[in-house]
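Q: Have a look at this one before I ask anything.
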Amino acid sequence: GGLVWRGCAANCDAEDGTAGTLTDGNANPGDKLEGSDAAPDDPVHLKRRVGLFSGVALIVGTMIGSGIFVSPSGLLERTGSVGISFIIWMACGLLSLLGALAYAELGTMNTSSGAEYAYFMDAFGGPPAFLFSWVSTLVLKPSQMAIICLSFAKYAVEPFVSECEPPNALVKLVAVISIVMILAVNCYSVNLATKVQNIFTAAKLVAIAIIVCGGAYKLILGNTRHLQEPNFASSTATLGNIATAFYTGLWAYDGWNNLNYVTEEIKNPSKNLPLSIIIGIPLVTLCYALVNVSYLAVMSVSEMADSEAVAVTFGNRLLGPLAWLMPLAVTISTFGSANGTLFVAGRLCFAASREGHLLDILSYVHVRRFTPAPGLIFHSLIAVAMVLYGTIDSLIDFFSFTAWIFYGGAMLALIVMRYTKPNAPRPYKVPIIIPYVVLIVSAYLVVAPIIDKPQWEYLYAGGFILGGLLVYLPFVKWGYSLPFMDKITVFLQMVLEVVPTSTTFE
Ligand code: ARG
């Protein structure tokens, strides 16, 4: 039912960002559901624990991950100009803010089930909602995982290969190992995953603080040379190039919609949801602006564009004997992000299959550990394949392209519902111009790169989305199942020691 979905999504997203502000450390999947048998549709049963502070922390904690440590080089490379890069960084922040404000209307209007899935269901009906859960399970969540783990690997091997470029195979191997470790943590216990999340969230804030203070120190010493050459003229930006540069920047901001998964747990959501967004996203934008300035206070434009790991170059220049702090802080930060992302991915997959939208086995939980092991393993397998066959940049393009189709879809859902449900209560109403602007920008973001420079990634992504319909019709709408499915399910159940959730929850 709705509450189950909602409870899990809410619970796990808490972990994604600020963990600890939302959970008291005993977050078994079953816990949330106690008492839900009384009134399945009554959201009153979820405790409203997220105040303004935790709301802001949740947004900031989810958004800051790997991106700010890997994207600046790529963005500079794609635009060829410091000035344009900086404008794009700020524009990405603005776009995330506008998108999130529109999500605030959606989230306060429909609080009964998980984010996009629910809005699509309301506005367009079953098939688009199914396609969303299908794509987030098969593409969005695994590619987030793969990108973050590749970034982790890049930073983890960097100190050991000093000046030369780390061998590609080594980076991929380390990325796969990190996926396996995170999978183990999340399959082992929910408590452990929560603790990892708590500790590692702090690390990323320390890393940002070191970079900003270091940069400020350099600027005070008068090292402003690289900042005085915005190079607008030398820009290599075409329209398509700008769109992919946006992909790179927007990756660093991804997660701006994550508070929408916990709407039900927010105290006074019609006030605190928009307020957390208005405070949290500009805060992240400010951090990213300062970090970019700091990088340039320490290295030149070409050094930054060429750097395999800008934060390491930064540390080597500035921290002397403490240079090792930088790669350490970044690996910890990315490991934490990946952990939070898998945590959410597992719950999402688990929720979608409970709705009959994915294979049953994916919704089962481990008999003693209560972790949704099959879903986690499934995601990790796809993420490993992506790590083996992709690169950070190609995966970011692949991810952003797909994600912005759905973010754009959510804007359309908002606009459509203004007409189809004009009288539904909207505790927070966004100026209607905002979703239109975001919709137009997302259409540009999706179309421009295809026209400018067609890549296989876009075709794969399109194929995945449409492929979803081939699955939806026979298996969801008409209710067929494959002949051997039952046997396979039973076999996997015995191997993995998992059971249907109904025995735990209902
Ligand atoms: N913005 C994050 C980063 O820079 C990625 C967040 C992934 N998205 C998510 N919803 N967990 O690494």
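The values are calculated or read from the model by the stated rules, or taken from the named source; none is laboratory data. What you see is a predicted model, and the numbers here were worked out from it, not measured in a lab. For neighbour counting, all protein chains shown are included, and Cβ atoms are generated from backbone atoms with ideal geometry for every residue, glycine included.
Q: State all residues of segment 306-335 that are part of a helix (DSSP H, G or I) and touching a Gly at 6+ places or on another chain (Cβ under 8 Å); if no residue qualifies, say none.
A: Of the residues in segment 306-335, the ones part of a helix (DSSP H, G or I) are 306, 310-318, 320-322, 325-335.
Within segment 306-335, PHE314, LEU318, LEU322, LEU325, MET326, PRO327, SER333, THR334 meet the criteria.
Q: Next up: Which of the residues spanning segment 140-171 are β-branched (Val, Ile, Thr) and more than 13 Å from the ligand (Cβ to nearest atom)?
A: The answer is VAL157, VAL161, VAL171.
Q: Name the residues in segment 419-435 that are more than 21 Å from the chain's Cα centre (by Cα) and surrounded by 15 or more Cβ atoms within 10 Å (Cβ to Cβ), would you?
A: Residues of segment 419-435 more than 21 Å from the chain's Cα centre (by Cα): 419-434.
Once the filter is applied, which keeps residues that are more than 21 Å from the chain's Cα centre (by Cα) and surrounded by 15 or more Cβ atoms within 10 Å (Cβ to Cβ), segment 419-435 yields ARG426, PRO427, TYR428, VAL430, ILE434.
Q: Across segment 141-165, what is the total count of residues that are in a helix (DSSP H, G or I) and either of a type in the set (Gly, Ala, Ser) or surrounded by fewer than 21 Cβ atoms within 10 Å (Cβ to Cβ) (or both)? Quick ask: steps written out before the conclusion?
A: Going residue by residue through segment 141-165, those that are in a helix (DSSP H, G or I) are 141-160.
Remaining after also requiring either of a type in the set (Gly, Ala, Ser) or surrounded by fewer than 21 Cβ atoms within 10 Å (Cβ to Cβ) (or both): 143, 146, 151, 153, 156-157, 159-160.
Residues that pass the stated criteria total 8.
Q: Which is touching a helix residue (DSSP H, G or I) at 6+ places or on another chain (Cβ under 7 Å), under 23 Å from VAL196 (Cα atoms) and within 16 Å of the ligand (Cβ to nearest atom), of VAL344, VAL291?
A: On the way: VAL291 fails: under 23 Å from VAL196 (Cα atoms).
Just a single option satisfies the conditions, and that option is VAL344.
Residue-wise test of (1) aromatic (Phe, Trp, Tyr); (2) part of a helix (DSSP H, G or I); (3) touching a Phe, Trp or Tyr at 6+ places or on another chain (Cβ under 8 Å).
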position	(1), (2), (3)
PRO374	no, yes, yes
ILE377	no, yes, no
SER380	no, yes, no
VAL384	no, yes, no
ASP393	no, yes, no
PHE399	yes, yes, yes
ALA403	no, yes, no
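Q: Can you find even one residue in segment 458-471 that is surrounded by fewer than 14 Cβ atoms within 10 Å (Cβ to Cβ), out of contact with any His (no Cβ under 7 Å at 6 or more places or on another chain) and at pLDDT 90 or above?
A: Looking for residues that are surrounded by fewer than 14 Cβ atoms within 10 Å (Cβ to Cβ), out of contact with any His (no Cβ under 7 Å at 6 or more places or on another chain) and at pLDDT 90 or above, one finds none in segment 458-471, hence no.
Q: Can you find, within segment 47-104, the residue that is nearest to VAL212 (Cα to Cα) among those that are under 15 Å from the mean Cα position of the chain (by Cα) and not in a helix (DSSP H, G or I)?
A: ILE64
Q: A follow-up question, please. With respect to SER81, is the statement that it is within 16 Å of the ligand (Cβ to nearest atom) and within 26 Å of HIS226 (Cβ to Cβ) true?
A: Considered against the rule, which asks whether it is within 16 Å of the ligand (Cβ to nearest atom) and within 26 Å of HIS226 (Cβ to Cβ), SER81 comes out as no.
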